[in-house]
Amino acid sequence: MVVIGAGPAGSMAAKYAARCGASTLLLEEHRAIGWPVQCAGLLGCRALSESELGHGSFLRQRFRGAAVYSPAGVRLEFKAASPRAWAVDRSLFDRALVEETLSSGAELRLGAPVRKMEEDGGGKVLHLYSGDRIRSRVVISAEGVKARLARQAGIPPAQKILSGAQVEVPFRVQDPESVEVHLGAAPGLFAWVIPRGEDSARIGLCANENGCRFLRAFLEKDLIRSRILGSPVAVNLGGLPLGPPSFAVANGLIAVGDCAAQVKPTSGGGVYPGLLCAKIAGKVAAAAAGEGDVSQERLSEYDRLWRKALGRELEIGMRLNRILIRMGPEELDRVVGYLGGNEKLLRAIEEHGDIDRPSVLLARMLPHLGLDGFRFAGLLRRALR
Ligand SMILES: Cc1cc2nc3c(=O)[nH]c(=O)nc-3n(C[C@H](O)[C@H](O)[C@H](O)COP(=O)(O)OP(=O)(O)OC[C@H]3O[C@@H](n4cnc5c(N)ncnc54)[C@H](O)[C@@H]3O)c2cc1C
């Protein structure tokens, strides 16, 4: 079996396919793993546990809290009793995943971009840019957001692709244990400040389009500009696909990770859903290849299983995303003000906040919404429906 792309999803899919007994080759177009970095590196505890890596040298910093800023600058703080998320070095994280994959028996070929894929009787022939051809009964496409080969194989595109932009800058951090979330910074999602120690941060945002332009404007805001201590030392740009297609399998092919838009619409985080779905992809692909039936019908077991595990969460996330982007600055100010004045809601957020499973928190928040939060409660109920 061939897996295209050695990002988190591809590595994990290859690891599980090899573990299930399939002879597995992982192809990566770049000559090094984990480059270029297109990530803020914020992973929730579930993502770390899903990675099966334990506590490695890729862990940089842990976070217990968040400070949410409304467009008018009203600050709302939450702090959980224990760490909820980590900043990781994504290059080291991706390398650690690949090392585990190789220990499971899979092979890796670097500098091996796949140019095209063709049908070949009961399987696929992959044409590399080098001229080499590789035959495989089943292919797992973990190409990331571009998803060129998966699209050619008939997998529909994501519902939308956000434009992400981020810089790493010397920065006066207010609280190294808290990430900052700035609502209304761009149409699309929000802006983030992820501390790296006390004097550096990754500052970025996702917008419906032209993330760079909105990021430049965000960096000029007084609240941010006054804390920047020097020039950026890194710039990351990339697309974030939201809203998975109606199916992610074709004859002889499974799409996973960003390639199948398995990304949380509430945060743009794709590592947790990608890892979770990749395990299912690796198992189903190995079983189907072993049975000699890699038809779309047989592989649709993957679609059924990943949707069972995560489909509802991503649907709720899409609804929340739509609600968030429809809110104007005044409404966002009102929501943050309302949350700040409701002690029970704040405690619920501190206790149940989970960046990987926002629906769990929403369900816990509902009972604490009083009559004054009537409209807010209506919005949340609509998202959870
Ligand atoms: C600015 C920004 C910030 C982000 N921050 C976070 C965050 O804090 N937390 C989080 O969870 N997620 C974050 N994300 C999203 C996260 O980076 C992705 O969801 C994640 O990397 C997807 O993993 P993947 O394995 O599906 O794809 P990728 O990591 O994109 O890996 C795909 C791999 O396939 C290779 N490839 C592509 N085509 C071919 C080909 N034809 N032949 C061979 N190889 C090929 C690529 O080189 C690449 O290595 C962020 C994204 C952006 C843009």
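All conditions in (1) over 14 Å from G144 (Cα atoms); (2) modelled with pLDDT of 95 or more hold for A261, with the sole exception of (1). Does A72 meet the test of being out of contact with any strand residue (DSSP E or B) (no Cβ under 6 Å at 6 or more places or on another chain), among the hydrophobic types (A, V, I, L, M, F, W, C), under 30 Å from G341 (Cα atoms) and not assigned by TED's automatic domain parsing to the domain that holds G274? Yes: the conditions hold for A72. The set of residues from the stretch 24-82 being hydroxyl-bearing (S, T, Y) and touching a residue at least 60 places away in the same chain (Cβ under 8 Å) comprises T24, S51, Y69, S70. Restricted to the stretch 179-203, and to residues there that are more than 22 Å from G230 (Cβ to Cβ) and away from the ligand (no atom under 13 Å from the Cβ), the residue that is modelled with the highest pLDDT is L183.
Filter the stretch 237-264 for residues that are part of a loop (DSSP other than H, G, I, E, B) and either among the hydrophobic types (A, V, I, L, M, F, W, C) or within 13 Å of the ligand (Cβ to nearest atom) (or both) and give the result. Full working, then the answer.
Step one: list which residues in the stretch 237-264 are part of a loop (DSSP other than H, G, I, E, B), which gives 243-248, 251-252, 256, 261-264.
Selection gives P244, F247, A248, V256, A261, Q262, V263, K264.
List every residue pair whose Cβ atoms lie under 6 Å apart, where the two residues are 6 or more positions apart in sequence or sit on different chains, the first residue falls within the stretch 88-117 and is at negative phi, and the second residue, located anywhere, is acidic (D, E) and within 9 Å of the ligand (Cβ to nearest atom). Hits for this filter: L110/E28; P113/E29. When G290 is tested against the conditions (1) within 30 Å of R137 (Cα to Cα); (2) surrounded by 22 or more Cβ atoms within 10 Å (Cβ to Cβ); (3) in contact (Cβ under 8 Å) with a residue 60 or more places away in the chain; (4) not polar (S, T, N, Q), the lone failure is (2).
Considering the stretch 357-385, the residues that are crowded, with 19+ Cβ neighbours inside 10 Å and touching a Ser or Thr at 6+ places or on another chain (Cβ under 9 Å) include one that is modelled with the highest pLDDT, namely P358.
Just for the stretch 157-181: of the residues that are in contact (Cβ under 8 Å) with a residue 60 or more places away in the chain, assigned to a loop (DSSP other than H, G, I, E, B) and more than 19 Å from the chain's Cα centre (by Cα), which one is nearest to R196 (Cα to Cα)? Across the stretch 157-181, the extreme among qualifying residues is P176.
Within the stretch 7-59, the set of residues being at pLDDT 95 or above, among the polar types (S, T, N, Q) and within 12 Å of the ligand (Cβ to nearest atom) comprises S11, S51. Inside the stretch 332-351, residues that are within 24 Å of the chain's Cα centre (by Cα) and over 17 Å from V181 (Cβ atoms) make up a count of 1.
Which one of these is in a helix (DSSP H, G or I), touching a residue at least 24 places away in the same chain (Cβ under 8 Å) and within 26 Å of G65 (Cβ to Cβ): L299, L361, L305, L345? Exactly one residue qualifies, and that residue is L345. Among all residues of the stretch 214-225, there is at least one that is more than 15 Å from the chain's Cα centre (by Cα) and part of a loop (DSSP other than H, G, I, E, B). Considering A72, A85, the condition of being within 11 Å of the ligand (Cβ to nearest atom) and of a type outside the set (K, R) is satisfied by A85 alone. With respect to E313, determine if the residue is surrounded by fewer than 22 Cβ atoms within 10 Å (Cβ to Cβ), within 16 Å of the ligand (Cβ to nearest atom) and not polar (S, T, N, Q). Yes; evaluated as a whole, the condition is true for this residue.
Could you go through the stretch 271-280 and let me know if any residue there is within 13 Å of the ligand (Cβ to nearest atom), under 16 Å from P245 (Cα atoms), of a type outside the set (K, R) and not in a helix (DSSP H, G or I). Checked against the condition, which is being within 13 Å of the ligand (Cβ to nearest atom), under 16 Å from P245 (Cα atoms), of a type outside the set (K, R) and not in a helix (DSSP H, G or I), the stretch 271-280 yields no hits at all.
Quick one: in the stretch 68-90, which of the residues that are of a type outside the set (A, V, I, L, M, F, W, C) and in contact with a Ser or Thr (Cβ under 9 Å, 6 or more places away or on another chain) is farthest from G328 (Cα to Cα)? Spell out the reasoning first.
Going residue by residue through the stretch 68-90, those that are of a type outside the set (A, V, I, L, M, F, W, C) are 69-71, 73, 75, 77, 79, 82-84, 89-90.
From what is left, the residues that are in contact with a Ser or Thr (Cβ under 9 Å, 6 or more places away or on another chain) are 77, 79, 89.
Values: E77: 22, K79: 27, D89: 35 Å.
If we take residues in the stretch 68-90 being of a type outside the set (A, V, I, L, M, F, W, C) and in contact with a Ser or Thr (Cβ under 9 Å, 6 or more places away or on another chain), then D89 is farthest from G328 (Cα to Cα).
Of everything in the stretch 142-156 that's over 30 Å from R196 (Cβ atoms) and touching a strand residue (DSSP E or B) at 6+ places or on another chain (Cβ under 8 Å), which residue is farthest from the ligand (Cβ to nearest atom)? Break it down stepwise before answering.
The initial filter retains those residues of the stretch 142-156 that are over 30 Å from R196 (Cβ atoms), namely 147-156.
Retained after the next criterion (residues that are touching a strand residue (DSSP E or B) at 6+ places or on another chain (Cβ under 8 Å)): 147, 149-150, 152-155.
On the way: A147: 8, L149: 6, A150: 10, Q152: 11, A153: 12, G154: 17, I155: 13 Å.
Across the stretch 142-156, the extreme among qualifying residues is G154.
Among the residues of the stretch 295-302, some residue qualifies, meaning at least one is buried (at least 24 other Cβ atoms within 10 Å of the Cβ) and within 16 Å of the ligand (Cβ to nearest atom). Restrict the check to the stretch 39-57 and report whether at least one residue is charged (D, E, K, R), in the same structural domain as C277 (by TED's automatic domain parsing) and surrounded by fewer than 21 Cβ atoms within 10 Å (Cβ to Cβ). The answer is yes; a qualifying residue exists.
The values are calculated or read from the model by the stated rules, or taken from the named source; none is laboratory data. Note that the structure is predicted; figures quoted are calculated from it, not measured. Positions of Cβ are generated from backbone atoms using ideal geometry, with glycine treated the same way; all protein chains shown enter the neighbour counts.
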